[in-house]
Amino acid sequence: SLVLQRHFSRMDISFISRYQTLSNADLDLGTRVDRTFIDTFLRATYNISDKSSVESRFQNEIHDYDVGSSSVTWQNENFWDYRLKPKTHLGFGAAFGRLEYQRGDSQVFERALARVLYSPTQKISLKAKVGLDFRQFDSGTDTLDPIFTLGGTYLPFNGTTISLEGSRDVESTAQNSR
């Protein structure tokens, strides 16, 4: 992984790139598979005022399988966040992207999103993101799916972080069945 971050007076910019090579059983394909994942993220957050900010994130995911269907995803996610109370932040956003398969239907997608971050203490934070995923497949099929992420973080000691997160999302797979 490569992580670069820069903080300016009102803006934060971060770049993350991960490279991963795996060789193990894949449940989607039912066999041992060699695969390479390259994920790249660029995020910028601009603080408009003490209570509001905007965030834009660009993401590229390359999933290369030696068998099955490799894929490339491009996505842009944008949020407007507002500090409702000192411990509560509320945000609304939208995402747009394209998922291209080596074999099978490629997809264009849009997402309507909302998120909340609640920090009752300096050591505990809870987050939730919910939305709808609209997909249009090259074959003419359209889908609408609910998506969400729920999570929490606890900082019991200096230098120790415990996090738990669960989600339902629409992801690419090596077995493109559409």
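The values are calculated or read from the model by the stated rules, or taken from the named source; none is laboratory data. As the structure is a computational prediction, the values presented were derived from the model and not from experiment. Here Cβ is always computed from backbone atoms with ideal geometry, including for glycine, and neighbour counts include all displayed protein chains. Side chains included, ligands, DNA and RNA excluded: accessible areas come from the protein's heavy atoms. Shrake-Rupley method; radii C 1.70, N 1.55, O 1.52, S 1.80 Å.
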Within region 96-106, can one find any residue that is open to solvent by less than 60 Å² (accessible area, probe 1.4 Å), of a type in the set (Lys, Arg) and farther than 24 Å from Ser23 by Cα? no
In region 1-53, residue modelled with the lowest pLDDT [restricted to those that are part of a loop (DSSP other than H, G, I, E, B) and of a type in the set (Asp, Glu)]: Asp28
Assuming Ser49 fulfils every condition listed in (1) more than 24 Å from Leu150 (Cα to Cα); (2) crowded, with 16+ Cβ neighbours inside 10 Å apart from one, which condition is it? (2)
Residue list for region 30-72, restricted to those being in contact (Cβ under 8 Å) with a residue 60 or more places away in the chain and of a type in the set (A, V, I, L, M): Val33, Val67
Please specify each residue of region 71-87 satisfying the condition of being open to solvent by 30 Å² or more (accessible area, probe 1.4 Å) and more than 13 Å from the chain's Cα centre (by Cα). Val72, Trp80, Tyr82, Arg83, Leu84, Lys85, Pro86, Lys87
